[in-house]
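Derivation of every value follows stated rules applied to the coordinates shown; laboratory data play no part. Everything numeric in this text was worked out from a predicted model, so none of it was measured. For neighbour counting, all protein chains shown are included, and Cβ atoms are generated from backbone atoms with ideal geometry for every residue, glycine included.
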Amino acid sequence: VDDVVQETLARVLAARGRLNEDELAPYAVVTARNLMTTLWQTEDRRRRHNHRLIEVDAPVRPDEQVIAEEERSLVNRALAELSPRDREILVAHEVEGADTAALARRWNSTPAAVAAQLARARAKLRVEYLVALEGAELPTTQCRPILRALSAGDRRRQQELDARDHLLRCPFCARLAELLFEHRPASRPSDKTVRVEGDADVVAARRLGRDLASELGFSATDRTIIATAISEIARNIVGFAERGELVMSVVEESGERGLRIVARDAGPGIADLQLAQQDGYSTYGGMGLGLPGCRRLMDEFDITSEIGKGTTVTMTKWRRPRAGPS
Ligand SMILES: [Zn+2]
């Protein structure tokens with residue numbers, strides 16, 4: 001009982017910013033109900049699969065291929081439910097790797113407008129993916145617009161559609177609402193987190209950094225500088241710590257805005273920070289700029305490391321007002 005209450009409170013608090021006050025209680029009810037179901041299923045699965053605990057780090061998993069195939073077909077089905085415009089922007093950004101500045105030029109729009117449209121398209125895709133995952137038809141015509149409003153955190157629309165009432169009466173939407181909020185980071189909404197485990201994540205981190213920099217109005221040169229520092233740090237994580245995360249956030253100090261990147265890993269740590277920050281020292285293969293390069297590129301750079309525990313790098317680039325006649 002304690003676990004369910006604690007977990008329910010944690011989830012309600014995490015979703016608080018995205019729901020109306022009077023939706024909190026119904027949301028808590030459906031969350032607790034879903035948690036009970038999940039707990040029961042987990043217990044049951046553990047009992048049936050007890051023997052599997054012996055297979056620690058099973059090297060080959062023949063089901064991985066099947067899972068990847070299934071995942072692809074789910075995403076395809078979800079994409080098919082979106083409008084051509086939403087599909088186009090998601091594919092251009094996520095698959096072709098175009099950043100918001102490039103997309104704004106292509107569609108004669110602004111990076112901020114493109115970013116907003118991307119966010120809406122992602123919110124819809126999340127819903128369609130979960131619907132495909134459930135493998136069932138939506139029970140009512142109200143379900144889709146309500147789920148989309150919940151996914152986008154659009155509180156005005158939630159109220160218009162009376163999402164509160166619907167969540168209590170529609171078990172399908174109650175379940176999906178729980179899944180929609182499950183993957184939401186509890187951090188500030190402007191924070192963007194990228195898990196870094198492989199080369200593809202380095203690319204994703206760099207692209208996200210470039211996007212945020214362009215939304216903040218950084219010059220093309222600064223956007224490249226920021227992207228370079230990010231990929232350097234992310235590659236360090238992949239090469240040395242194997243996995244970690246990058247959190248990027250917009251910061252503001254005395255009227256100046258900037259982009260802050262915090263890179264954390266749980267790797268072996270760096271024994272000699274002084275040495276690691278000297279020119280010519282590169283932590284992986286001697287190819288890149290290394291930490292000294294990042295320090296030079298960014299306005300602020302700080303590193304802390306603990307042997308056997310991990311390393312945290314915090315770096316910030318400030319957006320300077322463009323110099324010119326005033
Ligand atoms: Zn529904």
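Order by neighbour count: 202, 95, fewest other Cβ atoms within 10 Å first, most last.
So the ranking, lowest neighbour count to highest, is 95, 202.
Fewest Cβ neighbours within 10 Å first, please rank 192, 317, 309 accordingly.
Result, fewest neighbours first: 309, 192, 317.
In which sequence would 221, 37 go, from the one with the fewest C-beta neighbours within 10 Å to the one with the most?
221, 37
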